[in-house]
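A.B. asks: The structure follows.
The values are calculated or read from the model by the stated rules, or taken from the named source; none is laboratory data. Remember, predicted model here, so these are calculated numbers, not experimental data. With ideal geometry, Cβ positions are generated from the backbone for all residues, glycine too; neighbour counts draw on all protein chains shown.
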Number of protein chains: 4
Amino acid sequence: MSYARQMLDSYPLSVKVDASVLAATIDALKDCAQACTADVADDLGEQNVTELVTCIRLCLDCADVCAATAAVTSRQTEEDANVTKPLLEACVAICKSCGDECERHAQMHEHCRVCADACRRCERACRELVAAMK
Amino acid sequence: MSYARQMLDSYPLSVKVDASVLAATIDALKDCAQACTADVADDLGEQNVTELVTCIRLCLDCADVCAATAAVTSRQTEEDANVTKPLLEACVAICKSCGDECERHAQMHEHCRVCADACRRCERACRELVAAMK
Amino acid sequence: MSYARQMLDSYPLSVKVDASVLAATIDALKDCAQACTADVADDLGEQNVTELVTCIRLCLDCADVCAATAAVTSRQTEEDANVTKPLLEACVAICKSCGDECERHAQMHEHCRVCADACRRCERACRELVAAMK
Amino acid sequence: MSYARQMLDSYPLSVKVDASVLAATIDALKDCAQACTADVADDLGEQNVTELVTCIRLCLDCADVCAATAAVTSRQTEEDANVTKPLLEACVAICKSCGDECERHAQMHEHCRVCADACRRCERACRELVAAMK
C-alpha cells in the first residue's frame, strides 16, 4: 500500500472523494513528476539533445504541475473545489502534450518510452479524479 | 529591475506576451508564494493556532500553486497555451480564497494582512496575464 | 520496478553510484516527502493541533528537503559531489528530527506512526547513498 | 521592503538570527532560484544548446536547492540547527558551481551573465547567514 493511501486511511476528517481513486491519482502524479524530472536528465545526456529541446521543456512543466497538484490534492483543503478542478485540467493538458512528445522519441530512447507511459497513466488518473469529484 | 524581467529581456526567442506584464506576474507569483510560506510559519507561532487552521491549509495550497505557475510561465514553452490558462485560473481561485481568509485575521495578525495584500496583487496580476494572452 | 529505477536503467551516461542504491534512495525520498506533506494535512485535522505545531513545522521542512534532494540525485550532475553530500546530510538530520517527533505521537495518531516509518526509511536510505558515494 | 522582510517583522516568536541578514538571504535565494529557472529556458532557446548542457544541469540543481533552502529558512523551525547549516553549505556549493559555469558563457549570453550575478549574490548571502548563525 502506498504512503499516499496509508495517510488517507488515517486522515482524521472525512475524505471528500473515493479514497482509492484519490490515492491512485496522487501516486500517478508523483510517479509522473519523477519520470519527467529523470527524463530531463536522460535527455541532457543524449547526443541529439538539440532534437529533444521541446521534450525537455514539456517535461519540466509537467514535473512542476504534477508535483503541485499532488501536494494540493493530498492536502484536501475544504475550500479548494474551484482550485483543484482547473489544476487537474492543467495536469491533463500537460500530461497529454508531454506524453505525445515523449512518444515521438520512444523508439529511439527507452527513457522517453517510460516517461510517455507515466504521462499517459497520470493523464488517465487525473481524468478519473475529476469524474469522481462530481 | 527584477531578475524575472532581466531574464525575459535576454530571452533568445520571441516572448509570446507583453514582457512587462509577464515579468510583473512572475514577480507577483514569487512574492505571493513567499508570503504564504512565511504566513504558515507565522500562524504556527500564534497562540490561537486552532483558529488559523483554514488559513494554514489555504496558504500551503497557494504557495504550491503560485510556485508551479511561476516556473511554468517563466519557461514559456511554445505548446503550453491550454496548460497555462487553467493553471492561471487555479492561481486566481486560490489567491482569492487565501486572500479572503487572511483578511479575516488581518486586524489581529499583521502577517495575515501582509499575506492578504500579496494574494490580492497576485490574483490581479494573474488576471492581467490571462487578458494579455488573448 | 519504480519509475526512478526504470529511468536510471535507461540513463544514456554511466550512473556514478550503484543504481539500485540510488533508485532505492530516490524512492525513499519521494515517499518521505509524500508522507510528510500528508501528515501536515492530517495534523491540521486533529483536535489537539496546538500540540502538533512542532510536528507540522518539521514535516514541512522534511518534505521540502527530501523533494529537493530527490530531484538533485535524480539528475546526477557530474559536478555536484560537494552539493549532494551536504544535501544528504541535511536530509538525514531532518528525517531524524521529524521521525523522532512523529514517533512521540505515534500511539495517538496512526498518521504520525506511518510518517515516522517513512522518515526512518528515508534516513537509512540517505546514509546508504552517502556510504555508496565513497 | 520585501515580503520576506515584512513577514519576519510580524513573526510572533523571536527571530533566531539578525532579521535583516535572514531576510536578505531569503530574497537572494528566491532571486537565484528564479534566475536559474529562467536561465534553463533561455539556454534551451539557444542554437548552441549542446554546449550549454552542463549549465542547464547546474541551473536545475541550483533552483531546487535554493527554493528548498528559502522555504526552510523562512520557516525558522526551532529544531533545525543541524539541518539549516548543511543545507546552506549545499547552497554555497551549487551557487559556486553554477555561477562559475554561467560566467564561462557570460560574454556570449547575457542571460548567463545575469544568472551568474544572481548565483554570486546568493552564495555571498548564504555565507553571511551561516556566519550570523554562530
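A.B. asks: Out of D:C66, D:C55, I need the residue that is buried (at least 24 other Cβ atoms within 10 Å of the Cβ) and closer than 13 Å to D:C122 by Cα. Which one? Working first, answer last.
C.D. replies: Working: D:C55 fails: closer than 13 Å to D:C122 by Cα.
Sole residue among the options that is buried (at least 24 other Cβ atoms within 10 Å of the Cβ) and closer than 13 Å to D:C122 by Cα: D:C66.
A.B. asks: For the list (1) under 16 Å from the mean Cα position of the chain (by Cα); (2) at the interface with another protein chain (Cβ under 7 Å from one of its Cβ atoms), I need the number of the one condition that B:L44 fails.
C.D. replies: Failed condition: (1).
A.B. asks: For segment D:57-66, how many residues are more than 7 Å from every other protein chain (Cβ to nearest Cβ) and within 9 Å of the chain's Cα centre (by Cα)? Show your work before the answer.
C.D. replies: Here is the first cut: in segment D:57-66, the residues more than 7 Å from every other protein chain (Cβ to nearest Cβ) are D:59, D:62-63, D:66.
Retained after the next criterion (residues that are within 9 Å of the chain's Cα centre (by Cα)): D:62-63, D:66.
So the answer is 3.
A.B. asks: Still on this model: Can you report the number of residues in segment B:54-76 which are farther than 17 Å from A:C59 by Cβ and basic (K, R)?
C.D. replies: Of the residues in segment B:54-76, 1 are farther than 17 Å from A:C59 by Cβ and basic (K, R).
A.B. asks: Select from segment C:7-40 the residues that are modelled with pLDDT under 95 and among the charged types (D, E, K, R) and list them in ascending order.
C.D. replies: Those that are modelled with pLDDT under 95 and among the charged types (D, E, K, R): C:D9, C:K16, C:D18.
A.B. asks: For segment D:24-40, which positions are more than 8 Å from chain B (Cβ to nearest Cβ), of a type in the set (G, A, S) and surrounded by 23 or more Cβ atoms within 10 Å (Cβ to Cβ)?
C.D. replies: Scanning segment D:24-40 gives D:A28, D:A33.
A.B. asks: Over 30 Å from B:C59 (Cβ atoms), among the hydroxyl-bearing types (S, T, Y) and more than 17 Å from the chain's Cα centre (by Cα) - does that describe any residue in segment A:77-92?
C.D. replies: Scanning segment A:77-92 turns up no residue that is over 30 Å from B:C59 (Cβ atoms), among the hydroxyl-bearing types (S, T, Y) and more than 17 Å from the chain's Cα centre (by Cα).
A.B. asks: Continuing with this model, one more query. Which residue pairs have Cβ atoms closer than 8 Å, lie 6 or more positions apart in sequence or on different chains, and pair a first residue in segment C:1-23 that is more than 11 Å from chain A (Cβ to nearest Cβ) with a second residue that is among the basic types (K, R)?
C.D. replies: From residues that are more than 11 Å from chain A (Cβ to nearest Cβ), the pairs are C:A19/C:R5; C:S20/C:R5.
A.B. asks: Does D:D100 satisfy the condition of being in contact with a Phe, Trp or Tyr (Cβ under 7 Å, 6 or more places away or on another chain), at pLDDT 95 or above and either at the interface with chain B (Cβ under 8 Å from one of its Cβ atoms) or surrounded by fewer than 24 Cβ atoms within 10 Å (Cβ to Cβ) (or both)?
C.D. replies: Details: in contact with a Phe, Trp or Tyr (Cβ under 7 Å, 6 or more places away or on another chain): no; at pLDDT 95 or above: yes; either at the interface with chain B (Cβ under 8 Å from one of its Cβ atoms) or surrounded by fewer than 24 Cβ atoms within 10 Å (Cβ to Cβ) (or both): yes.
Against the criterion (in contact with a Phe, Trp or Tyr (Cβ under 7 Å, 6 or more places away or on another chain), at pLDDT 95 or above and either at the interface with chain B (Cβ under 8 Å from one of its Cβ atoms) or surrounded by fewer than 24 Cβ atoms within 10 Å (Cβ to Cβ) (or both)), D:D100 does not qualify.
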